[in-house]
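Before any comments, here is the structure.
The values are calculated or read from the model by the stated rules, or taken from the named source; none is laboratory data. The structure displayed is predicted, hence computed values, not measured ones. Note: ideal-geometry Cβ built from the backbone for every residue, glycine included; neighbour counts use all protein chains shown.
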Amino acid sequence: MNQRTLNVAVLTVLTLLLLFPMLVASQGFRDKETKPSPDTIIHNGVILTMEQSPAQVEALAIQGGSILAIGDESDILAMAGRNTRFINLEGRTLLPGFIDSHAHYVQWWSDGGFSTPDEAVDFALSCGWTSYSSMCVDPNFLEELRTLDQQDRLRIRVNAYLQLSWEFYRLGDWYQAYQPGQEFSSKLRIGGVKIFMDYWWMEWVHYFNQTELDTLVQEAHEAGFQIAIHSVVDNATDIVLNSLESVLEGQSNELYRHRIEHLVLLRDDQIQRMSNLGIIASFQLPWCNSDSIPDFTQFYQDYSHIVGRWRDIVQAGMPSIGSTDFTNLFPDSVGSATDAISMAVTKTGYLGLAPPDWMLNQSLSVEQALRLITIDAAYGTFQEDVKGSIKVGKLADLVILSDNPLTVSEDDLADIEVLLTMVGGRIEYTKEGSGFPEPPPRPIQWSEILPPPLIFISFLFLTLFAFFAYFERKGG
């Protein structure tokens, strides 16, 4: 063996020894006897879990993007390791990240006044939303979402509801190329399918007759998809309920969680029927507040007994979820989770007009509104086991507010600010001047581009190539 061959062999062995720890780390091997210390501890404030017990804790620990522990401050602080980061709430309030069950942040970003989809994501995060359901996803937009996700630009979790129709236009069975609940990543999954039965409360037009809707609903149901149907007017909802009752065939909707979107006009018999069937009521917390009175005075006078019955829906005991429908209809006034809560509770919009009694009779409590955009919203996408509340093992999707919505006066709810938003243990938004840690820069995540074994092989190949090239040049 000549000297050059020996040198190459030695360098190859050294390279393998140097790169082997990287391979081990990339495959996720861990010392099972070493208890992991938290990446982050949050303490010294009010932590509302949105669980029945415990409803409130003093501190929590995060490790690897999930909640590692919750409990007394002293116990959690004792878990800290050398590299644990501390976030001192200084009396502020921590809640599970808010979930907007029906919105269009990224899809119609230009309608919201944004220059890019990234700005729309930034806005949603600044409003306290850590997840949202995008309720009108056609094939082109699904590809856009997947591209944003692959580029690590989709920093909010998105449930995509695949569009089957728009007014009288049918999109066909393109959705069947995907699987119900299919996950593209931790940020993007297929939530279900979306059908438009009607449009708006001032346009009494049905896009399907009973037979047509029955056929479409049956196909999606048999394919295993959760079905979300846009139905605003009560006589359209009659047709929708007929279709859903038919496909359920007496089974519990718990298995399918089909839902109806908007439900602006709803009669007593329909509320009872939805409750009996267990159909999820998906409605917009900011809608039917006093801002809309000047534009719909006559309409409200004629239909006030069946308009915006959010309290009646919740009290009937049917599964219910809350949202904003941003950017649709009210792009200049609705978006913030705390604004949505305020409008649902006070029925007062930004114009400050006094709501009439019939509107106040449908106001929600703060706790009801909070549940509709946390744990109840997670149920709406079959994800109550992984998010929607602060519980050990759930995702560390969290939001810090300037005050406790359960203790401030109702008139002050609109003044509560979102100070920090965290998704999967990573800070994605911090309000300037809040004193909380800023979002870190987003480095290239090679593991998201190449699988770990391929990273190892690539490094090995490049290193050996460099060594061989060096010795060939030296030998030449």
Inside the stretch 23-43, can you point out the residues that are among the polar types (S, T, N, Q) and either in contact with a helix residue (DSSP H, G or I) (Cβ under 7 Å, 6 or more places away or on another chain) or at pLDDT below 95 (or both)? S26, Q27, T34, S37
Within the stretch 356-369, how many residues turn out to be touching a helix residue (DSSP H, G or I) at 6+ places or on another chain (Cβ under 7 Å), at pLDDT 95 or above and part of a helix (DSSP H, G or I)? 3
Please state which one of V399, V408, V392, V423 is in contact with a Gly (Cβ under 6 Å, 6 or more places away or on another chain) and either outside the structural domain of D152 (by TED's automatic domain parsing) or not acidic (D, E) (or both). V399
Report whether or not E254 is part of a strand (DSSP E or B) and either more than 22 Å from N235 (Cα to Cα) or not β-branched (V, I, T) (or both). no
Can you pull out the residues in the stretch 351-383 that are buried (at least 16 other Cβ atoms within 10 Å of the Cβ) and acidic (D, E)? D376
Could you tell me which of the residues V240, V247, V232 is of a type in the set (A, V, I, L, M) and more than 27 Å from the chain's Cα centre (by Cα)? V247
Report whether or not G335 is part of a loop (DSSP other than H, G, I, E, B) and within 25 Å of the chain's Cα centre (by Cα). yes
Could you list all residues from the stretch 96-122 that are surrounded by 24 or more Cβ atoms within 10 Å (Cβ to Cβ) and either more than 24 Å from G191 (Cα to Cα) or in contact with a Leu (Cβ under 6 Å, 6 or more places away or on another chain) (or both)? G97
So, in the stretch 163-184, of the ones that are on the phi > 0 side of the Ramachandran plot and of a type outside the set (D, E), which residue ends up nearest to the chain's Cα centre (by Cα)? G181
Kindly indicate whether any position in the stretch 179-188 is at pLDDT 95 or above and either part of a helix (DSSP H, G or I) or within 17 Å of D325 (Cα to Cα) (or both). no
If I ask for residues that are modelled with pLDDT of 95 or more, surrounded by 15 or more Cβ atoms within 10 Å (Cβ to Cβ) and part of a loop (DSSP other than H, G, I, E, B), which ones from the stretch 407-435 would you list? V408, I416, E417, G424, G425, K431
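Residue-wise test of (1) touching a strand residue (DSSP E or B) at 6+ places or on another chain (Cβ under 6 Å); (2) among the hydroxyl-bearing types (S, T, Y); (3) within 16 Å of I280 (Cβ to Cβ).
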position: A220; (1), (2), (3): yes, no, yes
position: H230; (1), (2), (3): yes, no, yes
position: T237; (1), (2), (3): yes, yes, yes
position: L248; (1), (2), (3): no, no, yes
position: Q251; (1), (2), (3): no, no, yes
Restricting to the stretch 165-189, what's the tally of residues that are more than 26 Å from A124 (Cα to Cα) and not acidic (D, E)? 12
Cβ-Cβ under 6 Å, sequence separation 6+ or interchain: first residue in the stretch 60-79 and buried (at least 19 other Cβ atoms within 10 Å of the Cβ), partner polar (S, T, N, Q). Which pairs? I62/T40
Some residue of the stretch 193-212 being assigned to a helix (DSSP H, G or I), modelled with pLDDT of 95 or more, surrounded by 15 or more Cβ atoms within 10 Å (Cβ to Cβ) and of a type in the set (A, V, I, L, M): no
Please give the number of the condition D152 fails out of (1) touching an Asp or Glu at 6+ places or on another chain (Cβ under 9 Å); (2) without any contact (Cβ under 8 Å) to a residue 60 or more places away in the chain; (3) over 30 Å from V408 (Cα atoms). (2)
Filtering the stretch 160-192 down to residues that are hydrophobic (A, V, I, L, M, F, W, C), surrounded by 14 or more Cβ atoms within 10 Å (Cβ to Cβ) and in contact with a helix residue (DSSP H, G or I) (Cβ under 7 Å, 6 or more places away or on another chain), which residue is nearest to Q107 (Cα to Cα)? A160
Quickly run through the stretch 176-207 and pick out the residues that are over 23 Å from A377 (Cα atoms) and either touching a residue at least 40 places away in the same chain (Cβ under 8 Å) or not assigned by TED's automatic domain parsing to the domain that holds E261 (or both). Q176, W201, M202, Y207
Boolean, D325 is of a type in the set (D, E, K, R), under 26 Å from T237 (Cα atoms) and modelled with pLDDT under 95: yes
Looking for something under 22 Å from A55 (Cα atoms) and part of a strand (DSSP E or B) - is there at least one such residue anywhere in the stretch 380-395? yes
Of I229, I271, I239, I280, which residue is surrounded by 15 or more Cβ atoms within 10 Å (Cβ to Cβ), in contact with a Gly (Cβ under 7 Å, 6 or more places away or on another chain) and of a type in the set (A, V, I, L, M)? I280
Of the residues that sit in the stretch 262-292 and are assigned to a strand (DSSP E or B) and among the small types (G, A, S), which one is farthest from S101 (Cα to Cα)? A281
